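The values are calculated or read from the model by the stated rules, or taken from the named source; none is laboratory data. Everything numeric in this text was worked out from a predicted model, so none of it was measured. Don't worry about glycine lacking a Cβ; one is built from the backbone with ideal geometry, like all the others, and counts go over all protein chains shown. Surface areas here come from the heavy atoms of the whole protein model, side chains and all, with no ligands, DNA or RNA. Shrake-Rupley method; radii C 1.70, N 1.55, O 1.52, S 1.80 Å.
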Amino acid sequence: MDIEARVGGVWHFAGRVLEIHPSMGLFWAESPAGERRIIEFEEYEVHRRASGPAAA
């Protein structure tokens, strides 16, 4: 699943979800450039992105 993470409506990160840890309220995601980041639900607003070339 491709996601976009925002804080206060401002874009901070976009990538593909790699691992989900619901009990901890977070997941790992990786950007198209290979950057891995922990996304915490309490810190970010998370939105699904459309997959495919237009989302890259």
- Task: Of all residues in the stretch 16-27, count the ones that are part of a strand (DSSP E or B), open to solvent by 60 Å² or more (accessible area, probe 1.4 Å) and over 18 Å from Arg6 (Cβ atoms).
- Result: 3
- Considering residues that are open to solvent by less than 70 Å² (accessible area, probe 1.4 Å) and among the aromatic types (Phe, Trp, Tyr), the number found within the stretch 1-15 is 1
- Item | So Ala14, is it modelled with pLDDT under 95 and either of a type in the set (S, T, N, Q) or touching an Asp or Glu at 6+ places or on another chain (Cβ under 8 Å) (or both) | no
